[in-house]
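Notes to accompany the following structure.
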Amino acid sequence: MKFKSHLKGIIASASLFALVVFPLQASAGGTPYTGAANTVYFTDVIHAGKGCPSGTLDYTITEDGKTLTILFDEYAAELDNLPRRSTKQVACNLALNIHVPSGLAVTLINAEYDGYLDLPWESTAKLMRKYFFSNSNRVRKSTKWKGAISNGYNVKDNLAAFTRNWSNCGEDTILNAHTRMVVKAPANTYAIGVVDSLNIGGKVVFHLQYGKC
């Protein structure tokens, strides 16, 4: 991917999870987490998509196992002076594995995204998100921007609706997040939408809630 000079070497950070519709890559370059058997905690991340190909993603899990941060290198949709109006879309789907002990269930309460946009006039960018457990309904979110704009962004998802969806009681589960950045731009212009630049504040953080069942 050819980034403009001001975006070269960016490190993207995000906390995500997802069940994918194409073959999953191996676990990302983080260290799998093992906590106390009687607590809820993230264990590791599996990923797939053009926004997070193998070798471009890392992650960390907090000491209590309740917060996950994923670091990206290449999650950007970029159009560079094409001869006609064009659309570029890039996705990253992740499977976020969670340990759930007997007598407990888990749900997602909120998510927050940071990134960067460089959009000329008559161009747009859209960040789409979809959250679900394998046994639950899907909650969809979408945010759209119109050019001209050149700065960072922050998107917060209050997932109160998702808290009606709980994992199966006392079973390890996968919390899913499908994400996609879509950029549209006129001919002979440069446009980019980035999810996750640490240099420009890009990150995504997800928070869990759990209770007795």
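Specify the residue that is farthest from the chain's Cα centre (by Cα); the eligible residues are those in the range 32-48 that are among the small types (Gly, Ala, Ser) and surrounded by 14 or more Cβ atoms within 10 Å (Cβ to Cβ).
GLY35
Could you tell me how many of the residues in the range 156-185 are surrounded by fewer than 17 Cβ atoms within 10 Å (Cβ to Cβ) and either in a loop (DSSP other than H, G, I, E, B) or of a type in the set (Val, Ile, Thr) (or both)?
7
Filter the range 177-213 for residues that are modelled with pLDDT of 90 or more and either of a type outside the set (A, V, I, L, M) or in contact with a helix residue (DSSP H, G or I) (Cβ under 6 Å, 6 or more places away or on another chain) (or both) and give the result.
Those that are modelled with pLDDT of 90 or more and either of a type outside the set (A, V, I, L, M) or in contact with a helix residue (DSSP H, G or I) (Cβ under 6 Å, 6 or more places away or on another chain) (or both): HIS178, THR179, ARG180, LYS184, PRO186, ASN188, THR189, TYR190, GLY193.
For the range 49-91, how many residues meet the condition of being surrounded by fewer than 22 Cβ atoms within 10 Å (Cβ to Cβ), under 30 Å from LYS146 (Cα atoms), free of Cβ contacts under 8 Å to residues at least 60 places away in the same chain and not charged (D, E, K, R)?
2
Filter the range 37-63 for residues that are in contact with a Ser or Thr (Cβ under 8 Å, 6 or more places away or on another chain) and acidic (Asp, Glu) and give the result.
Once the filter is applied, which keeps residues that are in contact with a Ser or Thr (Cβ under 8 Å, 6 or more places away or on another chain) and acidic (Asp, Glu), the range 37-63 yields only ASP44.
Under 9 Å between Cβ atoms, which residue pairs at least 6 apart in sequence (or on different chains) link something in the range 104-118 that is in contact (Cβ under 8 Å) with a residue 24 or more places away in the chain and closer than 20 Å to ASN168 by Cα with a partner that is in a strand (DSSP E or B) and basic (Lys, Arg)?
LEU104/LYS212; ALA105/LYS212; ASN110/LYS156
Could you count how many residues in the range 111-154 are within 17 Å of the chain's Cα centre (by Cα), surrounded by fewer than 16 Cβ atoms within 10 Å (Cβ to Cβ) and modelled with pLDDT of 90 or more?
5
Quick one: LEU108 ticks every box in (1) modelled with pLDDT of 90 or more; (2) touching a helix residue (DSSP H, G or I) at 6+ places or on another chain (Cβ under 8 Å); (3) aliphatic (A, V, I, L, M) bar one, so which box is it?
(1)
The values are calculated or read from the model by the stated rules, or taken from the named source; none is laboratory data. Note that this is a predicted model, so its numbers are computed, not measured. Cβ sites come from the backbone with ideal geometry, for glycine too, and all protein chains shown count toward neighbours.
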